[in-house]
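Remarks on the structure that follows.
The values are calculated or read from the model by the stated rules, or taken from the named source; none is laboratory data. All of these numbers come straight from a predicted model, not from anything done at the bench. Every residue, glycine as well, gets a Cβ built from its backbone with ideal geometry; the counts of neighbours run over all protein chains shown.
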Amino acid sequence: MTIVETAARIRANVQKVIVGKDHVIDLALVAVLCEGHLLIEDVPGIGKTTLAKALAASLGLHFRRIQFTPDLLPSDVTGVNIFNQKRQEFEFRPGPVFANVVLADEINRATPRTQSALLEAMQERQVTADGETRPLPRPFLVLATQNPIELEGTFPLPEAQIDRFLIKLPLGYPSAQEEESILLRFQDGNPLEALGPVITQDDLAALPSEVQSVRVEASVRKYVIDIVRATRNHQEVELGASPRGTLALYRAAQAYAAIAGRGFVLPDDVKHLAPYTLTHRIILSPQMRLRGRRPEDVVSGVIESVPVPVEK
């Protein structure tokens, strides 16, 4: 089964629950194909958790959900060593992070110390507790949801952690027609409860290597680098996108092209994905933040200013 066919099956399955968010589903598929992590940010009640659950159900992998709260401890995420009186020795009780798909729900409601408990897991695919390192199952994907930081009771994610997310995206409110479809779809029950997997674990494991074979011409590769470097040299930016951001944009463009059924990346793929892979990696200068400027504005300006490669 090709990537196009696989993506179509997963998309159609998620659409049984999620109404009118095809571009969001495609971006979530890009994260899956790149073995990257996905951060969904929007106000409560938009469908962030529902999207994460529908995607996990469609993949048919071991799924765990962590509800982040201010009193959540790091050990509640990673696990803890407990003394077994019968054996007279300590034994490790794995936390919910030991799963293939981890839904970190409302991640920015926990304290920075607890948020950081996911840092090693997201980057190294392992957990270290009491000096012993334990590998996490593969594939390993964190689907995190967060509320806008302007809401009460939220803590901004540390820069080092937010940089580990391949893609950050909003959902947005549905249109009036979409909202009516949601009412009709959920009036007889929750369709999420009947959602089953549409791909085997073996098929899923083979997809990332297929994505890496998507061709990227030298001119398009330079285009990716030019866009990222422009964020670092921007006068409104205190800290531009990292080299990890360059890799994220490059790999996401390959996955997006594969979903579209192409064996090569177009400059338009890069332009489309730059806001989702770079915006959360940029820190504006204090003066620009006071003026109400947003990282999204900087990325949009960069995309407009960097010359697009053309065929000769």
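Restrict the check to region 186-200 and report whether at least one residue is modelled with pLDDT of 85 or more, buried (at least 16 other Cβ atoms within 10 Å of the Cβ), in contact with a Lys or Arg (Cβ under 7 Å, 6 or more places away or on another chain) and within 21 Å of Thr279 (Cβ to Cβ). No - not one qualifying residue is present in region 186-200. Return a yes/no flag: does region 16-26 have any residue that is without any contact (Cβ under 8 Å) to a residue 60 or more places away in the chain, surrounded by 19 or more Cβ atoms within 10 Å (Cβ to Cβ) and within 30 Å of Thr154 (Cα to Cα). Scanning region 16-26, I find at least one residue that is without any contact (Cβ under 8 Å) to a residue 60 or more places away in the chain, surrounded by 19 or more Cβ atoms within 10 Å (Cβ to Cβ) and within 30 Å of Thr154 (Cα to Cα), so the answer is yes. Is there a residue in region 204-211 that is under 16 Å from Arg9 (Cβ atoms) and not in a helix (DSSP H, G or I)? No; the residues of region 204-211 include none that is under 16 Å from Arg9 (Cβ atoms) and not in a helix (DSSP H, G or I). In region 168-189, the residues that are over 30 Å from Leu249 (Cβ atoms) reach residues that are of a type outside the set (Val, Ile, Thr) and assigned to a helix (DSSP H, G or I) with C-beta atoms within less than 7 angstrom, at least six apart or across chains, in these pairs: Arg185/Pro191. Per the listing Val220, Val198, the residue uniquely in contact with an Asp or Glu (Cβ under 9 Å, 6 or more places away or on another chain), more than 30 Å from Glu120 (Cβ to Cβ), outside the structural domain of Lys16 (by TED's automatic domain parsing) and not polar (S, T, N, Q) is Val220. Regarding Lys16, is this residue under 26 Å from Glu179 (Cβ atoms) and part of a loop (DSSP other than H, G, I, E, B)? Here the answer is yes, as Lys16 does meet what is asked.
For region 282-301, the tally of residues that are more than 24 Å from Gln161 (Cβ to Cβ) and either surrounded by 17 or more Cβ atoms within 10 Å (Cβ to Cβ) or aliphatic (A, V, I, L, M) (or both) stands at 1.
Could you list, in sequence order, all residues of region 33-78 that are among the hydroxyl-bearing types (Ser, Thr, Tyr) and more than 29 Å from Ala8 (Cα to Cα)? Reasoning before the result, please.
Within region 33-78, the subset among the hydroxyl-bearing types (Ser, Thr, Tyr) is 49-50, 58, 69, 75, 78.
Matches in region 33-78: Thr69, Ser75, Thr78.
Here is a check on your reading of the model: is Leu33 under 20 Å from Gly196 (Cα atoms) and crowded, with 22+ Cβ neighbours inside 10 Å? Here the answer is yes, as Leu33 does meet what is asked.
Among the residues of region 216-269, the ones that are among the basic types (Lys, Arg) and more than 18 Å from Ile303 (Cβ to Cβ) come to 3 in all. Of everything listed in (1) in contact (Cβ under 8 Å) with a residue 12 or more places away in the chain; (2) in a helix (DSSP H, G or I); (3) more than 30 Å from Glu5 (Cβ to Cβ), the single unmet condition for Glu120 is (1).
The residue list Ala110, Ala144 contains one member that is buried (at least 19 other Cβ atoms within 10 Å of the Cβ) and within 18 Å of the chain's Cα centre (by Cα), which is Ala144. Can you tell me how many residues in region 159-185 are surrounded by 14 or more Cβ atoms within 10 Å (Cβ to Cβ) and part of a loop (DSSP other than H, G, I, E, B)? Counting residues in region 159-185 that are surrounded by 14 or more Cβ atoms within 10 Å (Cβ to Cβ) and part of a loop (DSSP other than H, G, I, E, B) gives 5. Those helices (runs of 4 or more DSSP H) of region 225-295 in which 2 or more residues are within 30 Å of Arg9 (Cα to Cα) and touching a helix residue (DSSP H, G or I) at 6+ places or on another chain (Cβ under 7 Å) occupy 243-259, 267-278. Out of Leu239, Leu278, Leu249, I need the residue that is touching a strand residue (DSSP E or B) at 6+ places or on another chain (Cβ under 8 Å), closer than 26 Å to Gln123 by Cα and outside the structural domain of Gln161 (by TED's automatic domain parsing). Which one? Residue meeting the stated conditions: Leu239.
The condition (being under 30 Å from Glu120 (Cβ atoms) and of a type in the set (Asp, Glu)) is satisfied by just one residue among Glu159, Glu179: Glu159.
Is it the case, given these coordinates, that Thr128 is in contact (Cβ under 8 Å) with a residue 12 or more places away in the chain, of a type in the set (Val, Ile, Thr) and either within 30 Å of Ile182 (Cβ to Cβ) or assigned to a strand (DSSP E or B) (or both)? Answer is no for this residue.
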